[in-house]
Structure formats: structure tokens, C-alpha cells
1. For residues that are in a helix (DSSP H, G or I) and among the hydrophobic types (A, V, I, L, M, F, W, C), scanning just segment 126-159, find the one that is surrounded by the most Cβ atoms within 10 Å (Cβ to Cβ).
2. What do you reckon, is GLU85 of a type in the set (Asp, Glu), at pLDDT 95 or above and outside any strand (DSSP E or B)?
3. For residues in segment 233-258 being assigned to a loop (DSSP other than H, G, I, E, B) and without any contact (Cβ under 8 Å) to a residue 24 or more places away in the chain, which is surrounded by the most Cβ atoms within 10 Å (Cβ to Cβ)?
4. Of the residues VAL230, VAL174, which single one is assigned to a loop (DSSP other than H, G, I, E, B) and under 23 Å from the mean Cα position of the chain (by Cα)?
5. Would you call GLN178 surrounded by fewer than 20 Cβ atoms within 10 Å (Cβ to Cβ), without any contact (Cβ under 8 Å) to a residue 12 or more places away in the chain and either touching a Cys at 6+ places or on another chain (Cβ under 6 Å) or farther than 24 Å from LEU102 by Cα (or both)?
6. With the checklist (1) in a loop (DSSP other than H, G, I, E, B); (2) among the acidic types (Asp, Glu); (3) closer than 18 Å to THR60 by Cα in hand, flag the one item GLU211 doesn't pass.
7. State whether the residues of segment 220-233 include one that is closer than 22 Å to ARG147 by Cα and assigned by TED's automatic domain parsing to the domain that holds THR103.
8. From the set of residues in segment 259-315 that are assigned to a strand (DSSP E or B), of a type outside the set (Lys, Arg) and without any contact (Cβ under 8 Å) to a residue 40 or more places away in the chain, which is surrounded by the most Cβ atoms within 10 Å (Cβ to Cβ)?
Amino acid sequence: MWTQTAFLFPGQGSQTVGMGADLVQAYPTAQETFAQADDILGFSLSELCFNGPEEELTDTINTQPALYVMGVALLRIIQNALGNEVRSAFVAGHSMGEFTALTAAGALSFADGVRLVRERGRLMKEAGERRPGAMAAILGLDVDVLRNLCDEASQQAGQPLVVANDNCPGQIVVSGDQAALDIALPLATEQGAKRVVPLAVSIAAHSPLMESITQEFREVVAATPLQDPVVPIIGNVSAAPLDRVGAIRDELGAQLTSPVRWTESMGHMLQHGIDTFVELGPKEVLSGLVKRIDRKANRISLNSAERVAAYLEHRSGDEQK
């Protein structure tokens, strides 16, 4: 029943105050998951998710564990309702979401995952303080055009600017030094971009500006217990399956400074027969990207207790047929 389904887990940008509150009220499994995270972290992440304030929730050191815990809570609800052995054919996560996907694939325990993403958020925040950067979404240009444009802006500014996220055709995020970005955005408009949207961030994720914390994060990853995944996970860096612990460690070590190849990742799964993508997170960001990549694909966003209940009712009906 699950051979044509992939589970997707979002990254930063999907967080919202109130996330998970209705799940905790409706499902004891979600309540237990958030409570477990609170105990691991030593503070009430659940209170921050449910009630804010927004500026604290959007701080990368908090956003990353918040999205991770929300994704795992949703996954556990599904598994408890339909059977703990429920597995999709593939899993994938966008940037930080890759860590949630690793847990869904059986490669990373929940407790270790909470600690790992919290540390990732701390280090990325530190990198942004050491060397502030900027990011922008550019709509309507081909990724190869933008790579050339980033190279030109980097040469003019003497500072790095790179493609950070190839999200879907016509939606690319660039990341790097502010001076280079200031050169690139007018160039993108001249090249025919439909819109250029500076993002409200002070870190340059997936760019060379993360290099200062990469080695330290690699050491954290090396010290984190991992297992070979029981479900294929499609990596952001390679856009290909990660099937062994060594490949996962290499992926996570490279991820901070490498682009998220999301269009290619979705393409890999589509080519291997996936026709239904289930997004487990607070919003519908990845579902929107899937629509841009393949309009024929089925898209399901599990971002509320109401939607989860409807999904479980539908799946239970399918299982009984």
C-alpha cells in the first residue's frame, strides 16, 4: 500500500506559532513526543511552539528542534494508528528536514536527533554572528543562469554568493555575502526574473559562509549514533539514496555548505514510481514545490489534527478493502 508514497519533511520557514498544539490535544502520542523533547532539551520547547513568542521560535537554535519534533510527532501518530511498521517507499527532508527524514528512515533515534538539530541550530547561529550573510529567493530564472549570475556577482564583490536551494523550476534561493547579493539582485531582474525576494535571515545557509562551523559539526555528527536506514532517504547534497551510515555522515558533513538539490531529489523519486507525496510539518511549503515539479503527483499536507484524522480515516478504509 505504501510502495508509491514518499514522506517529506520541511526545513526552516515552515515554523509557525501554534504548531503542534492541536496535535497534542488530540493525540497522546504527540503529547508524549513534545514532552520527551522538553526533557531532553531542559526547557519547554513545547510552550515555545504552542505560544511563542514568534521571535524566539524563529531563532534558528529553536526553529530546528521545533520542526524536527513536530515532524516526528506526526510520523508517530501515523505509525501508532496504522501500525508501527508503516514505512513509505522513500523519505526526504529539505535542509533541516533531512534530519527528521533520517529518523523516519530508522537511521537516527529521536533523542539523538533532538540534540543533533539543536546543536546544528546553535552552530549555524554562531556562524551567522561570526560572518553575517544574506539569502534571497529568485523566481522565474533557470538554475544554470543563476549559477552564472552568482559567479559574476561574486567576482565583482570579491565575496561568495552561490545557489543554495534548487527548490523547483523557477524558484531558486541564493545565499552568501550581502555585498554580492546586492549586486546579484538587479542583475537577476535584468535577466528576466519575475520576482526577487530578500529573505529575513542573517545567516547564509548552504554557502561558504557556513565553513567556519563545518568541522565542529562534522565532529558532532561523528559522535552521534547512526544506523543504516531501513527506508531509502534521498540526500540533499547528492539527490540520490543514502543507504549506509558512512554515506549519511558524509552527507551531513557536506550539507551546511552545499546546495539543496530538491528538484532533482523529487525527480529521483518520481522516476522510481512515487505518485503520492505526504508532507509532515506545520505548513504546505514542500507540497507547493511538488506541484511545481509535477502537477500530476498527489500531494497531502498533514499540518493539523483535522487533516491527520481525515488521512487516517482514509488510509484505514484502504487497509480494510
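The values are calculated or read from the model by the stated rules, or taken from the named source; none is laboratory data. This one's a predicted model, so the numbers in the text were calculated from it and none came from an experiment. Cβ: placed from backbone, ideal geometry, glycine included. Neighbour counts: every protein chain shown.
1. Keep residues of segment 126-159 that are in a helix (DSSP H, G or I), which gives 126-130, 143-157.
Those still in the list that are among the hydrophobic types (A, V, I, L, M, F, W, C) too: 127, 143, 145-146, 149-150, 153, 157.
Numbers: ALA127: 25, VAL143: 20, VAL145: 16, LEU146: 23, LEU149: 24, CYS150: 27, ALA153: 25, ALA157: 18.
Checked segment 126-159; the qualifying residue surrounded by the most Cβ atoms within 10 Å (Cβ to Cβ) is CYS150.
2. Details: of a type in the set (Asp, Glu): yes; at pLDDT 95 or above: no; outside any strand (DSSP E or B): yes.
Here the answer is no, as GLU85 does not meet what is asked.
3. Kept after step one, since they are assigned to a loop (DSSP other than H, G, I, E, B), are these residues of segment 233-258: 235-240, 243-244, 256-258.
Now restrict to residues that are without any contact (Cβ under 8 Å) to a residue 24 or more places away in the chain: 238, 243-244.
Values: SER238: 17, ASP243: 14, ARG244: 14.
Ranking the candidates gives SER238 first.
4. Numbers: VAL174 fails: assigned to a loop (DSSP other than H, G, I, E, B).
Result of the check over VAL230, VAL174: VAL230.
5. When the stated conditions are applied, GLN178 does not pass them.
6. Of (1) in a loop (DSSP other than H, G, I, E, B); (2) among the acidic types (Asp, Glu); (3) closer than 18 Å to THR60 by Cα, only one is false for GLU211: (1).
7. Keep residues of segment 220-233 that are closer than 22 Å to ARG147 by Cα, which gives none.
For segment 220-233, residues closer than 22 Å to ARG147 by Cα and assigned by TED's automatic domain parsing to the domain that holds THR103: absent.
8. Of segment 259-315, the ones assigned to a strand (DSSP E or B) are 260, 276-280, 298-302.
From what is left, the residues that are of a type outside the set (Lys, Arg) are 260, 276-280, 298, 300-302.
Next cut, without any contact (Cβ under 8 Å) to a residue 40 or more places away in the chain only: 298, 300-301.
On the way: ASN298: 14, ILE300: 18, SER301: 21.
Across segment 259-315, the extreme among qualifying residues is SER301.
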